[in-house]
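The values are calculated or read from the model by the stated rules, or taken from the named source; none is laboratory data. Owing to the predicted nature of the structure, the values given are computational and were not obtained by experimental measurement. All Cβ positions, glycine included, derive from the backbone under ideal geometry; neighbour counts span all protein chains shown. The accessibility values were calculated without ligands, DNA or RNA, using every heavy atom of the protein model including side chains. Shrake-Rupley method; radii C 1.70, N 1.55, O 1.52, S 1.80 Å.
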Amino acid sequence: METLNPDMSGLRSLPSVESLLTSEAGRSNTALYGRQLVLEATRHVLDEVRNNYNSDQPIPDQNTLLAQIHNLLEVWTLPTLRPVINASGVIIHTNLGRAPLSQAAIHSMQQVAAGYSSLEYDLEAGARGSRLVHAEALLQRLIGAEAALVVNNNAAAVLLALTVLARDSRVVISRSELVEIGGGFRVPEVMQQSGALLHEIGTTNRVHLADYRRALEAEPVPGVVMRAHRSNFKIIGFTSEPELSEIVALSHSYGVPVVDDLGSGSLLDTSVFGLGHEPMVQESLEAGADLVCFSGDKLLGGPQAGIILGRHELIARLKNHPLARAIRADKLCLAGLTSTLLHYLKGEAVEHVPVWRMIAATPQALAETARRWREVLQRGEIIPGESTVGGGSLPGETLPTTLLALELPNPTRFLERLRRQNPPVIARVEADRVLLDPRTVLPEQEIQLLAALQSALAER
Ligand SMILES: *Cc1c(COP(=O)(O)O)cnc(C)c1O
């Protein structure tokens, strides 16, 4: 190739693939990354040199090439799914993986991951068992539900419930509940995937019991009446909607079951923590909902899961549907979820489940942390601010917090620098200042956060 063009003769001094591979750095790369990947990186770097060759410029020497190869290998093998530090003050941040898990949940997931487990093995009988029993017993005891089923996520839970109850028939739902949640996920579109025909009633701001009655009287009888949490928005002003218990009583008088999609759902009363009242799972069951669906990784504070609670006979039909197999929860999820549920059963959720620990953090503790950060950095101003719960729960509600505010020439550029740290730090900008909220930073990440901030501040 070099001989095709006399101008390319300078490339003759370019080290060969073989000499780069057998050099000391080459061998150490091979030990770290494997021969095939190092070979590809070496060829890639050499190709780049050849393609960009210009006879006026010197050919990079062996050490420069080896450094480029090493950089390339690092880039190629850097995981894209990495831990980050969440200093944004959004507790259940869907883009940042929602709920961090409790130590106990992490421990049980680790144990189940590392070896074999009794996932589908009945240790007493010494025979095949069911993966569905692990969380069900806990959910029955904890919430008093007749039966429970755990699937991959809440969207899957809704899909399964409607497939079983309303395929080829109608599902009645208020127009005020046909919402779009994060990532372009639209409640009506998931509902339609079940093969159910959407029967919308009421208007955006008002729906009456009479609207439900008209829908229930239409022939043929609908398969299900559904209520969906509005998740990330709020309707205020001239509004009206019946209580769930009224919807249930009416639907039952027509022999139609009610499914309540709570979205986040909460097992604890959020109003105790100075927030509005997020609908609780227990309340839906008390109101008579036949099935209640909610997420495992929102306010419950566990791993990604969809939890369906409700009447025995309906849950049994859900369990036996072929779709249930396609959306089943994996062993790691079940291990983490059962450990998380145990915290609630033992009355220690607020102390051990990170989401609740963050919600319950005292103003004094938050202010102290912010002041400690200022002390270490010798930079910034301590100001009052607001954290949010996120995860489609409690729209518009905030928790008072204390922030460290950094005044910087280019706040957006500084956010970029923070994202390039290891681990990356996610913060926010408001009124031209970079804001850091202690509420969502895990205590064990504090040293890393301060090191990242110092390093980003030192960059010129
Ligand atoms: C979040 C949410 C879902 C989807 O739950 P995933 O666990 O993310 O699948 C469904 N419905 C409502 C109302 C929600 O808020």
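The packing ranking, built from the mean of other Cβ atoms within 10 Å per residue, places the peptides 317-327, 285-295 in the order 285-295, 317-327, highest first.
Screening the chain for whole DSSP H helices of 20 Å or more along their axis (Cα) with average Kyte-Doolittle hydropathy at least -0.5 returns 62-77, 331-345. When peptides 79-88, 223-232 are sorted by average Cβ neighbour count within 10 Å, with the highest value leading, the order is 223-232, 79-88.
What accessible area per residue comes out for the chain, rounded to a whole number of Å², with a 1.4 Å probe?
Ligands and nucleic acids excluded, the result is 50 Å² per residue.
The helix-only estimate of mean residue ellipticity at 222 nm for the chain, built from DSSP H runs of length n ≥ 4 each weighted as -39500 (n - 2.57), is -12500 deg cm²/dmol after division by the residue total.
Under the definition of Cα pairs under 8 Å and six or more residues apart, what whole-number percent is the relative contact order of the chain? Show your work: numbers first, answer last.
Values: 806 pairs, mean separation 86.8, N = 460.
It comes to 19 percent, rounded to a whole number.
If you take the Cα centroid of the stretch 32-88 and the Cα centroid of the stretch 234-295, the two points sit 55 Å apart.
What is the distance in Å between the Cα centres of the stretch 323-389 and the stretch 185-214? Centre-to-centre distance over Cα atoms comes out at 34 Å. For the chain, with all protein chains in place and a probe radius of 1.4 Å, 51% of the accessible heavy-atom surface sits on carbon or sulfur. Taking only C-alpha pairs under 8 Å that are 6+ residues apart, what is the relative contact order of the stretch 13-77 in percent? 44 percent.
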